[in-house]
């Protein structure tokens, strides 16, 4: 069975997630979803032929809570726009810096970790920004939840674009968001 990605929309046409064709066919077969857009390919079972779905819509409404982003190097760099939070240089080779050093009780949290170039990180060393006389561009804070983060690492198909209008506004005419999510 095809492993192509299928966009799943909530009952109100809001993007909900991306699943594989097998899962989409299962939802369709149990009358939990309907096909909105199909590819030009067909799937064959012993006795049936199915259109391969590209976009499906659930028959019922699903409430999904917003998920907070996980704290990771990549997410810190994305939050800080790949800029050193001390000297404002934009670069690909960054380090993580704890505003209040861990050796002095600072935690590893969204509000205590920032992107820093190696030079600034070395200069600040085990001191606070005030002690090192280095100002932060902005106080670190957790990023706002992104309800569409599931699309960020998926190739966006042309058939999905009517249901993801923000793709064009935010990322231009890119057909893959995986590079954008990585900051490329």
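The values are calculated or read from the model by the stated rules, or taken from the named source; none is laboratory data. All of these numbers come straight from a predicted model, not from anything done at the bench. Here the Cβ positions follow ideal geometry from the backbone for every residue, glycine too, while neighbour counts run over all protein chains shown.
Quick notes
- Flag for residue 22 being modelled with pLDDT under 95, under 30 Å from residue 122 (Cα atoms) and more than 22 Å from the chain's Cα centre (by Cα): no
So that you can scan it fast, the table gives a plain yes or no per residue for (1) in the same structural domain as residue 20 (by TED's automatic domain parsing); (2) buried (at least 17 other Cβ atoms within 10 Å of the Cβ); (3) modelled with pLDDT of 95 or more; (4) assigned to a loop (DSSP other than H, G, I, E, B):
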site: 86; (1), (2), (3), (4): no, yes, yes, yes
site: 153; (1), (2), (3), (4): yes, no, no, yes
site: 159; (1), (2), (3), (4): yes, no, no, no
site: 173; (1), (2), (3), (4): yes, no, no, yes
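- Odd one out for residue 34 among (1) touching a residue at least 40 places away in the same chain (Cβ under 8 Å); (2) in a strand (DSSP E or B): (1)
- Positions within the stretch 93-135 being loosely packed, with under 14 Cβ neighbours inside 10 Å and in contact (Cβ under 8 Å) with a residue 40 or more places away in the chain, in sequence order: 135
- Residue, surrounded by the most Cβ atoms within 10 Å (Cβ to Cβ), within the stretch 37-49, restricted to residues that are assigned to a strand (DSSP E or B) and without any contact (Cβ under 8 Å) to a residue 24 or more places away in the chain: 38
- Yes/no for residue 48 being within 30 Å of residue 23 (Cα to Cα) and over 25 Å from the mean Cα position of the chain (by Cα): yes
- Flag if residue 34 is surrounded by fewer than 18 Cβ atoms within 10 Å (Cβ to Cβ) and in contact with a strand residue (DSSP E or B) (Cβ under 7 Å, 6 or more places away or on another chain): yes
- For the stretch 111-141, the tally of residues that are closer than 10 Å to residue 87 by Cα, out of contact with any strand residue (DSSP E or B) (no Cβ under 8 Å at 6 or more places or on another chain) and assigned to a loop (DSSP other than H, G, I, E, B) stands at 2.
- Candidate set: the stretch 4-23, residues that are assigned to a loop (DSSP other than H, G, I, E, B) and in contact with a helix residue (DSSP H, G or I) (Cβ under 7 Å, 6 or more places away or on another chain); chosen: the one farthest from residue 157 (Cα to Cα): 13
- Filtered residues of the stretch 55-67 (kept if touching a residue at least 40 places away in the same chain (Cβ under 8 Å) and part of a loop (DSSP other than H, G, I, E, B)): 59, 60, 61, 62, 64, 66, 67
- Selection count, the stretch 56-99, where residues are within 30 Å of residue 34 (Cα to Cα) and touching a helix residue (DSSP H, G or I) at 6+ places or on another chain (Cβ under 6 Å): 1
- Here residue 52 passes the criteria (1) assigned by TED's automatic domain parsing to the domain that holds residue 154; (2) exposed (fewer than 13 other Cβ atoms within 10 Å of the Cβ); (3) in contact (Cβ under 8 Å) with a residue 12 or more places away in the chain except the one numbered (2).
- Across the stretch 68-84, the number of residues qualifying as in a loop (DSSP other than H, G, I, E, B) and either modelled with pLDDT under 90 or at negative phi (or both) comes to 7.
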